[in-house]
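Chemist: Dropping the structure in here first, questions after.
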Amino acid sequence: MARYHHSDRGKNAPISNEITGYAVSTFSYLHSLDQKPEYREAALRAARYLTDRAWDVSSHTFPFEPGSPHAYFFDIGIIARGLLATGEEEFRARARDAALSLAFDFLGDGVFHPILSLPDKQPLAYEPRWSRSPGCYQLKSALAWHDLGDDRAMKLFDSMRAYALATHDSFLPGETDQEKVMDRLHAYCYFLEALLAAPDASALETGIGRVAALLREIGPGFERSDVCAQLLRVRLIAHHLHIVPLDERAACEEADRAASYQAESGGFWFGQKRGQMLPFLNPVSTAFCLQALALWHQHQSGTWRFELHELI
């Protein structure tokens, strides 16, 4: 799966192993909704690409992109969760290999490094940009340990959860540039999503409020569709898990905002600046918006059915 599509140029960005991992989770989720065989077939094709071609045998991990000299902690967890989402035993061994890479290759002094060089697996110097520093957002990737379900993996997830809870307060706004704060909202929502697996009601309620306030403050100048969808998903799931009561008015507004980004092709635009759509059709934005709107429909129609391992 390409990282995104340049609609103004009619060209795809390079193939991304992480985005292909998201695609496996997305097609698996879509298959669970209506059992269409083409969704299942697409999930299995993408999963086999990851296990047979994307995996770097010499480094024993997933590179950022095919042939890339870097590996990302976050990406590898997303890939492992995608492989597990298929429910197929043929992919479980590789998902476990990926989870072991997270545990051993990225371990630092009290943190997990976000990026390593390959093949020597040395951590890159941290930078102010959120994706190039350790942070609470890594808890979403650590869900791979949670989804594996064995005791040792769960202990790793618990340690990452403790780190995320201890540090998340300083993550927002984290920047003075409002556009960069919007990007951080996307990352902070990863933390909130993962926290649903081992809830802290206070952190979830506070976090939902902080994201909602900043989204509405910054949104007129720059808004990301995935933030609207991520916030809506967290609201709905937290409500149905009886953790945080749902603000129906805010959820309705976020559902309308997410739906407004759908293109005629069916995909979803990445975002808008000052009312103008940005020329990127984004697979992850599409996946998050599709799932958020499906959950919103289930909530409104009284047909809610969702398991946390289905979270894309």
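The values are calculated or read from the model by the stated rules, or taken from the named source; none is laboratory data. As the structure is a prediction and not an experimental result, all values here were calculated from the model. Backbone-built Cβ (ideal geometry, glycine too); neighbour counts: all protein chains shown. These area figures cover heavy atoms from the full protein model, side chains too; ligands, DNA and RNA do not enter into them. Shrake-Rupley method; radii C 1.70, N 1.55, O 1.52, S 1.80 Å.
Chemist: Quick one: Ala259 ticks every box in (1) aliphatic (A, V, I, L, M); (2) open to solvent by 30 Å² or more (accessible area, probe 1.4 Å); (3) within 16 Å of Cys189 (Cα to Cα) bar one, so which box is it?
Modeler: Single failed check for Ala259: (3).
Chemist: Going through segment 146-162 one residue at a time, which ones are free of Cβ contacts under 8 Å to residues at least 24 places away in the same chain and either in a helix (DSSP H, G or I) or hydrophobic (A, V, I, L, M, F, W, C) (or both)? Quick ask: steps written out before the conclusion?
Modeler: The first filter runs over segment 146-162 and keeps only residues free of Cβ contacts under 8 Å to residues at least 24 places away in the same chain, leaving 149-152, 154-155, 159, 162.
Across segment 146-162, the qualifying residues are Asp151, Arg152, Met154, Lys155, Ser159, Ala162.
Chemist: State whether one or more residues within segment 101-112 are under 26 Å from Arg224 (Cα atoms) and open to solvent by less than 60 Å² (accessible area, probe 1.4 Å).
Modeler: For segment 101-112, residues under 26 Å from Arg224 (Cα atoms) and open to solvent by less than 60 Å² (accessible area, probe 1.4 Å): absent.
Chemist: Sort through Tyr49, Tyr29, Tyr39 and tell me the only one that's in a helix (DSSP H, G or I) and farther than 17 Å from Gly266 by Cα.
Modeler: One residue alone meets the criteria, Tyr49.
Chemist: Please pick out the residue among Arg81, Arg96 that is touching an Asp or Glu at 6+ places or on another chain (Cβ under 8 Å), touching a residue at least 12 places away in the same chain (Cβ under 8 Å) and over 14 Å from Pro63 (Cα atoms).
Modeler: Arg81
Chemist: Could you tell me which numbered condition Glu89 fails, if it satisfies all but one of (1) open to solvent by 10 Å² or more (accessible area, probe 1.4 Å); (2) touching a strand residue (DSSP E or B) at 6+ places or on another chain (Cβ under 9 Å)?
Modeler: (2)
Chemist: Could you give me the residue pairs with C-beta distances under 6 Å whose first residue belongs to segment 119-136 and is over 20 Å from Arg184 (Cα atoms), whose second residue is assigned to a strand (DSSP E or B) wherever it lies, and which are 6+ apart or on separate chains?
Modeler: Listed by first residue and then by second, the contacts come to Pro123/Leu116; Leu124/Ile115.
Chemist: Among the candidates Glu253, Glu310, Glu264, single out the residue that is open to solvent by 60 Å² or more (accessible area, probe 1.4 Å) and at pLDDT 95 or above.
Modeler: After applying the criteria, what remains is Glu253.
Chemist: How many residues, within segment 98-121, are assigned to a helix (DSSP H, G or I) and at pLDDT below 95?
Modeler: Count: 0.
Chemist: Report yes if some residue within segment 67-79 is within 30 Å of Gly207 (Cα to Cα), of a type in the set (D, E, K, R) and buried (at least 22 other Cβ atoms within 10 Å of the Cβ); otherwise report no.
Modeler: yes
Chemist: So, in segment 263-285, of the ones that are closer than 27 Å to Gly209 by Cβ and among the polar types (S, T, N, Q), which residue ends up farthest from the chain's Cα centre (by Cα)?
Modeler: Among those residues, the one meeting the criterion is Gln272.
Chemist: Counting only residues that are more than 20 Å from Ala95 (Cα to Cα) and of a type in the set (A, V, I, L, M, F, W, C), which one in segment 16-58 is surrounded by the most Cβ atoms within 10 Å (Cβ to Cβ)?
Modeler: Leu30
Chemist: So which residues in segment 32-43 are under 14 Å from Arg305 (Cβ atoms) and of a type outside the set (D, E, K, R)?
Modeler: Those that are under 14 Å from Arg305 (Cβ atoms) and of a type outside the set (D, E, K, R): Ser32, Leu33, Gln35.
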